[in-house]
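A quick write-up on the structure given underneath.
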Amino acid sequence: MISLSWFLIFAAALFSLGLYGVLARKNAIAILMGIELMLNAVNINLVAFWRYGDLALITGQVFAVIVFAVAAAEVAVGLALVISLYRRRSSVVADEINLMKW
Amino acid sequence: MLDNWLYIGLFIIAAILIPAVAVILPRWVAPRKPNAIKQETYECGMETVGDAWVQFKVQYYIFALVFLIFDIETVFLFPWAVAYDKLPMFAVMEGVIFIAILLAGLMYAWRKGALEWA
Amino acid sequence: MSGLEIIFLVVAAVTLSAAFMVVTTPNLVHGALWLVLTLFGVAATFVLLNAAFLAVVQVVVYIGAIAILMIFAIMLTRKVMQDSGPQTNANWIVAALLGLVLFVGIAQLLRKSSAVGMMMPAMDGAADPVVQLGEVLVSPNAYVLPFEVASVLLLAAMIGAIVVAWKK
Amino acid sequence: MGDPINLISQWFNDLLLGWGLGEKLVAVLSLFVGAAILVTASLLTVVVLIWVERKIAGRLQDRIGPNRAGPFGLLQPIADIIKIFTKEITTPDGADKVAFNIAPVLAMASVLLIWAVIPMAATVVGSDINVGVLYIVAVGSLGIVAILMAGWSSNNKFALLGAFRAVAQMVSYEVPMVLTLLIPVLLARSMGINDIVQAQSTWFIVIAPLAGLIFLITSMAEVGRAPFDLIEAESEIVAGFHVEYSGMAFGMFYVSEFLHVWTIGALIATLFLGGWRGPGAETWPILGLFYFYIKTFVGYFLITWIRLSLPRVRIDQLLSFNWKFLTPLTLVILVVTAIVDKALSMAGAARWLYVLVMLAANVLVGWGTMLVLKTVEPNRPGRVRQEFPPRPVAVAPEAADN
């Protein structure tokens, strides 16, 4: 049988990779991909805690479902912003997006 | 439960392996005589101008976007439908409100003209 | 080592290497395709955790919709066949270190926690999670509010995204 | 008796056990062999289907169809297979080789995988997972990824454009399709395909005819067959996302399209026509297999018939039809079905009354839709019907001289 720590380590590795992607990538869409990886890692944790905890409590799965919704909303708006930016400034490099910097 | 998924896992392997064999097999059966003209991008005999990247309408993105929102909301309704026997009338109405919100989103996209192609 | 453990290790190895490719590959479309494989691996992990519903939802929503949307956005914003320059910004070393430190830190924390050796409880007597999910999502003394708020959030996201991306 | 499939698998199990293999290994092996046989059988079905389709097409277009190779042209598909196997598979310059070669396999696999959950007889249920309906949708979305891969990796504008069109179409029609799939799930109170078949003491096509119709239309659009074949509109974008493919790599796309149509027939049969159910199917499982194939063929024939009868639609028509007609209609039917079902089961109505009221509700919704459609102004600004003055086809020579 697989013990809980396997899943947690797996999720931690996925989360760290996602974090690296978010911090290191130039392209705004690649950053969004990193965020998706991190959200997936969180979801693995949530479901693993549901599975190893009290099965009568479905909370872990409900949280995961809500995370799906939030991820979808985030991607939809994020990519729309990227497209809109590209149209105005012909660039998707996150460093060059400095309209609100001062 | 996991047995059924084991079958699906094995089915995935079989469903990838057998078509892969069918694609790889002609490597030995079929002739292989590549030449520059044959490997060219096919445009009915015209010389290719520029690269394959063409400017796409943002419309494609809008349709995918509306689909994404609808897809995820529909998926939420599936557990509601499965648990239907155990739900009181109130819970049924919750689902109907959910569908109404969905319909409102569709109406917005419609009125905004986001669903027009031209 | 049982069969289940081997399957888990294979799935985890494939998922993590695909995730590594997602964050390192210079070609963004390749990145998106690797992302698809990663998401599929996470779906397989959900299956191993007996969360069948979440596994299929993962494929439907993430691969079928989110990944497709990302590929669309990539193709709308750049010359797809030509981007293979450096894709990382100046502080990628810091980012890599941070990721590594985070991972090691979590692993250390896990080593001390009591949850490490926990085993899966048997599923036999438990109710079907899909039915449970259906009940609590619309039950007034459980999660009906988050459920409806999520729906409003998605509606708002759609309206916002259309307003931002659409120009007439 | 009456159940040869399980008999054979039992015999195979015993054979492997007799060789001294471990019990678990035998279980895994026989599952794998079962899957491989099902995959191969599905692929071989296509061989027959191509002949059937060409014959049907021939008859519907007042021709004979294939008739040279063998009796009734039966050997024609065999000849085609030999031909396609010995054709060269080219990979164009500038293509992304890995993605280019994986795409056809993935496209084929995404169709084949649906067969993992379809119950074919009372005792041959495939994989009885409790999320079967969503599994079908999930597998379908892998096909979308395959099309995007094929279109992008070809390094050809027409392929990319075709892939984009195909994905926009498939993705749009997936919305009403998933929504209609909710209706059988709601009626059966389960997402398991086998449970849905079990629940159909009355076929769901009687209880929810509109849902069945919408499922038929949307899944035709998913396959991309006429009248929804814009994705490979040969007069506009050469052939769509698979322009650059040749030989067996193209064959995979071709076969997957045929198999997809057949699979949709099977889905219509299982979700709306009662699957393997029929007189005597419980006691004689082999009879169930027979019923299942008959019903599948009905769905298959319908799709082929429509394909051969209707011309291609325009892309704006296609998308308007989906978003402004099918999607709202499906949402309305879903709400009506949900409320009527709850009201009837709370009142404890008898089965015949339940069926009758459901049917009446569907008919009412359909009729209402027709009334609404009639009020829609056909000549909205922007698509004014142009009047052309009648022109003589040929002009007499003396008149032309002036």
- Task: Quote the charge dipole size of chain D about the Cα centre in Debye, to the nearest 20; the model charges only the Cβ of Lys and Arg (+1) and of Asp and Glu (-1).
- Result: 680 debye
- Note on the structure: Cα extents of the protein assembly as shown per principal axis, largest first, Å, are 104, 75, 62
- Packing-based exposure ordering (other Cβ within 10 Å, fewest first) of D:THR369, C:THR38: D:THR369, C:THR38
- Query: Once both axes come from the Cα atoms, what is the angle between helix B:2-24 and the longest principal axis of chain B, in degrees from 0 to 90, rounded to 10?
  - Reply: 30 degrees
- Query: Taking the simple approach of a point 7 Å from Cα along Cα-to-Cβ for both C:ILE93 and D:SER345, what is their distance in nm?
  - Reply: 6.4 nm
- What are the DSSP H helices in chain D that stretch 27 Å or more along their long axis, judged by alpha-carbon atoms, and whose average Kyte-Doolittle hydropathy comes to at least 0.0? D:23-60, D:132-153, D:157-188, D:247-271, D:285-309, D:327-347, D:351-375
- To the nearest 10 degrees, the tilt of helix B:89-112 (Cα long axis) against the first principal axis of the alpha carbons of chain B is 50 degrees
- Hey, rough spin-label estimate for D:GLU282 and D:ASN13, points 7 angstrom out along Cα→Cβ, what's it come to in nanometres? 2.4 nm
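Relative to the Cα centre, what is the charge dipole magnitude of region D:109-251, using +1 at the beta carbon of each Lys and Arg, -1 at the beta carbon of each Asp and Glu, and rounding to the nearest 20 debye? Let's see the in-between values first.
Numbers: 4 positive and 9 negative charges, 37 e Å.
Using Cβ point charges on Lys, Arg, Asp and Glu, region D:109-251 gives about 180 debye.
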- Under a plain spin-label model, where a point goes 7 Å from the Cα along Cα-to-Cβ, how far apart in nm are A:ALA56 and B:ALA36? 7.7 nm
- Query: What number, rounded to the nearest 500 deg cm²/dmol, is the helix-based mean residue ellipticity at 222 nm of chain C, given -39500 (n - 2.57) per DSSP H run of at least four residues and division by all its residues?
  - Reply: -22000 deg cm²/dmol
- Item | Crossing angle, helix B:58-82 versus chain B [Cα axis fit, 0-90 degrees, rounded to tens] | 50 degrees
- In chain C, which whole DSSP H runs stretch at least 18 Å along their own axis (Cα) and average -1.0 or higher on the Kyte-Doolittle scale? C:3-24, C:28-48, C:92-112, C:144-165
- Note on the structure: Per its Cα gyration tensor (rounded if a/c is under 1.5, else prolate when a/b beats b/c, else oblate), chain D is best filed as oblate
- Net lengthening on full extension, D:ASN6/D:ALA394 (0.36 nm per residue, minus Cα-Cα): 132.5 nm
- Which ³J(HN,Hα) values in Hz, rounded to whole numbers, follow from the phi angles of region B:29-35 under the Karplus curve 6.51 cos²θ - 1.76 cosθ + 1.60, where θ = phi - 60° and Gly and Pro get x? 7, 8, x, 10, 10, x, 9
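Test of understanding: what is the full-extension gain from D:LYS83 to D:LEU356, defined as 0.36 nm times their sequence separation minus their Cα-Cα distance?
That pair, D:LYS83 and D:LEU356, stretches by 92.9 nm at full extension.
Each value in this text was obtained by applying a stated rule to the coordinates, not by laboratory testing. Just so we're clear, the structure is a prediction, and the values are computed from it rather than from any experiment. Glycine gets a Cβ as well: all are built from the backbone with ideal geometry, and neighbour counts include every protein chain shown.
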